[in-house]
Every structure is written in structure tokens, then in C-alpha cells.
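One structure is given below, encoded as C-alpha cells.
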Amino acid sequence: MRIEIDEDLCCGAGTCVLLAPDVFDQSDEDGTVILLDAAPGEEQRAAVEEAVVRCPTAVIRIA
């Protein structure tokens, strides 16, 4: 699994961080997403897929 994000479109809701804190973080400056792990293991798949679905601006993609 490979994750791609569009940081420019992120609204900083933080849902991804709550769902997959080992994969996503938020910037202290503006709250936008920071990708911690672009290729997480399969044990993170369910959480990442949920983050993709729940992202209000659809900035997270699984490639």
C-alpha cells in the first residue's frame, strides 16, 4: 500500500490523525496533514482506508 496526499487541499480536520496516528500527523503551524509513513504495513490498511473515506476534502489516496 502506498499513500499519497494533497497537502494544499487539506483543511486540517484531523480525522486522519485520530484514525491512523502512526501514519498521519498534523502541522503545529496550520493543522494540515503530515504524512509520517507513505508505505505503511498491512496492519494499518483498515485505519488508512477509513481515513480516506472520512477525509472531508478527499486529500488522501491509496495508490
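Quick rundown of the values:
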item: Where the chain is the region considered: accessible area per residue in Å², 1.4 Å probe; result: 61
item: Relative contact order (%) - criterion: Cα under 8 Å, at least six apart; region: the range 1-44; result: 42
item: Only Lys, Arg (+1) and Asp, Glu (-1) charged, at Cβ; the chain dipole about Cα centre in debye; result: 280
item: Contour excess over end-to-end distance, with Cα ends at E29 and D6 and 0.36 nm allotted per residue; result: 6.6 nm
item: Per-residue HN-Hα couplings for the range 11-17 [Karplus 6.51, -1.76, 1.60; θ = phi - 60°; Hz; x = Gly/Pro]; result: 9, x, 5, x, 4, 4, 5
item: Placed amide H near F24: partners under 5 Å, 5+ positions off or other chain; result: L36
item: Heavy-atom accessible surface of the chain: percent carbon and sulfur, 1.4 Å; result: 46
item: Inter-label distance for L18 and E49, nm, one decimal - labels placed 7 Å from Cα along Cα-to-Cβ; result: 2.1
item: Loop GluC sites (Glu not before Pro), the chain (other Cβ atoms within 10 Å of the site Cβ: 11 or fewer; DSSP); result: E29
item: Nearest-ten-degree value, helix 45-54 long axis tilted from longest Cα axis of the chain; result: 40
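The values are calculated or read from the model by the stated rules, or taken from the named source; none is laboratory data. Computed from a predicted structure; not experimentally measured. Positions of Cβ are backbone-derived with ideal geometry, glycine not excepted, and every protein chain shown enters the neighbour counts. Note: accessible area is taken over every heavy atom of the protein model, side chains too, but ligands, DNA and RNA are not part of it. Shrake-Rupley method; radii C 1.70, N 1.55, O 1.52, S 1.80 Å.
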